[in-house]
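The values are calculated or read from the model by the stated rules, or taken from the named source; none is laboratory data. This one's a predicted model, so the numbers in the text were calculated from it and none came from an experiment. Virtual Cβ from ideal backbone geometry, glycine too; neighbours counted across all protein chains shown. We work out accessible area using only protein heavy atoms, side chains counted, and drop any ligands, DNA or RNA first. Shrake-Rupley method; radii C 1.70, N 1.55, O 1.52, S 1.80 Å.
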Amino acid sequence: MRFLHTADWQLGMGRRFLDPERQGQFDAARRDVLATLGRLAVSEGCEAIVVSGDVFETNTESARTIRQAMEKLKALPLKVFLLPGNHDPLNAASIWDSERFAQACPANVVVLRDEHPVEVRPGFEVVGAPWRSKRPTSDLLGDLLEALDPAPPGVVRVAVGHGAVDAVAPQSDPVSLIRVAGVRAALEAGKAHYVALGDRHSTTEVTPRVWYSGAPEPTDFDEVDAGNVLVVEIDEADPGPAPKVTRHRVGTWRFEPVSVELSGAADVEALRARLMDMPDKDRTVLNFALRGTLSVGEKEALDAVREEAADLFAGFRDSSSRTDLAIRPADDDFGALGLTGFAARALDDLRELAAGGDEAAARQASDALGLLVRLSGAGIGAGRAS
């Protein structure tokens with residue numbers, strides 16, 4: 001038997017580095033991927049889709065967000081099991097108990113509201129550990145597995161959990177941390193045959209029978225392997241051995257770090273060429289981390305590259321600090337200014353200060369020199385030294 005394991009849809013998620021137009025495209029991609037994974041589940045012969053938490057970004061998502069998601073799911077010829085996670089817990093303000101969800105939820109969508117196994121069909125059942133608050137006071141999955149009896153003979157059972165596992169993220173909240181030793185013991189006791197986890201957006205194998213599917217669309221730069229779903233195959237005649245787990249890429253967005261050392265105009269042009277060669281710019285978010293030393297004119301050329309990237313790419317973030325990228329005035333930055341007298345002496349004083357002195361004074365002098373070049377129109381951006 002096969003099922004599709006996914007998690008962390010977080011429908012309604014906003015990204016502060018996206019403008020309103022790009023945010024709309026990001027929202028559409030997160031809805032469209034539901035249809036993609038649904039088609040994949042059907043083509044792979046899956047009997048169910050299991051969503052391991054964080055279906056919605058918050059418990060206050062709009063009726064429109066809910067309706068659009070449920071519309072994608074209701075056309076599927078298989079059951080879809082949804083687990084409340086830390087973003088959408090089953091609390092007093094739960095989206096799962098709202099009228100807007102009740103009206104939109106199709107018959108093939110099942111919310112895992114408690115710790116009782118739910119039959120997919122004879123011989124196949126799903127059991128979940130839903131979050132009931134944003135701060136659990138125990139290991140929810142551990143509590144579920146400890147209380148479960150072993151699966152009856154001839155029944156394959158999938159346990160669904162959400163949260164950090166001590167073997168993967170030991171620095172997380174120790175109170176609610178999922179203890180992998182307890183999960184292993186429950187699997188060995190036959191209480192479940194596979195554990196489908198959510199919360200970690202990168203696809204991760206914890207053990208051969210315990211996996212994070214990862215988010216079907218990436219959401220940030222620290223996600224090593226996001227944009228996947230898992231098709232899990234278990235031998236019903238002998239469910240004891242590890243299942244066959246196959247990852248499938250369904251995501252269309254990318255979060256691309258751009259870490260570059262810059263030491264002159266050639267490096268700036270190489271950076272521009274690299275960016276222009278990237279595919280799918282309208283679905284790629286950049287994060288610049290730039291280091292090195294540039295002249296004032298070269299810095300203007302870099303600013304032009306950044307401006308072009310901001311227009312072409314879906315999103316743009318710059319993590320470079322002032323100390324990572326130093327600006328040093330070069331002789332040809334000021335040769336065309338034609339300054340004389342007091343102005344020329346002031347320019348020389350600024351250049352001397354920028355070349356030496358303490359770090360703060362040098363930065364201020366470099367900024368002043370850069371402003372002088374820009375106001376004069378003598379920089380590379382005005383056509384000089386192209």
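In the range 196-214, how many are open to solvent by less than 10 Å² (accessible area, probe 1.4 Å) and among the aromatic types (Phe, Trp, Tyr)? So the count comes out to 1. Got at least one residue in the range 244-253 being open to solvent by less than 50 Å² (accessible area, probe 1.4 Å), closer than 22 Å to GLY24 by Cα and either in contact with a Ser or Thr (Cβ under 8 Å, 6 or more places away or on another chain) or free of Cβ contacts under 8 Å to residues at least 24 places away in the same chain (or both)? Within the range 244-253 (the criterion being open to solvent by less than 50 Å² (accessible area, probe 1.4 Å), closer than 22 Å to GLY24 by Cα and either in contact with a Ser or Thr (Cβ under 8 Å, 6 or more places away or on another chain) or free of Cβ contacts under 8 Å to residues at least 24 places away in the same chain (or both)), the answer is yes, since at least one residue qualifies.
For the range 161-219, the tally of residues that are on the phi < 0 side of the Ramachandran plot and part of a loop (DSSP other than H, G, I, E, B) stands at 30.
Among the residues of the range 19-52, those identified as open to solvent by less than 50 Å² (accessible area, probe 1.4 Å) and either touching a helix residue (DSSP H, G or I) at 6+ places or on another chain (Cβ under 6 Å) or closer than 16 Å to VAL109 by Cα (or both) are LEU34, ALA35, LEU37, GLY38, ALA41, CYS46, ALA48, ILE49, VAL50, VAL51, SER52. The strands (runs of 3 or more DSSP E) found entirely in the range 257-330 that carry 2 or more residues being within 28 Å of the chain's Cα centre (by Cα) are 284-294, 315-318. Being more than 19 Å from the chain's Cα centre (by Cα) and either closer than 21 Å to ASP311 by Cβ or open to solvent by 20 Å² or more (accessible area, probe 1.4 Å) (or both) is a condition met by at least one residue of the range 2-15. Looking only at residues of the range 141-194 that are charged (D, E, K, R) and farther than 19 Å from GLU205 by Cβ, we find that the one that is most open to solvent (accessible area, probe 1.4 Å) is GLU146. Can you pull out the residues in the range 140-164 that are free of Cβ contacts under 8 Å to residues at least 40 places away in the same chain, among the hydrophobic types (A, V, I, L, M, F, W, C) and more than 20 Å from ILE178 (Cα to Cα)? Residue satisfying the conditions is VAL155 alone. Quickly run through the range 81-98 and pick out the residues that are closer than 21 Å to LEU37 by Cα and among the aromatic types (Phe, Trp, Tyr). Within the range 81-98, PHE81 is the sole residue that qualifies.
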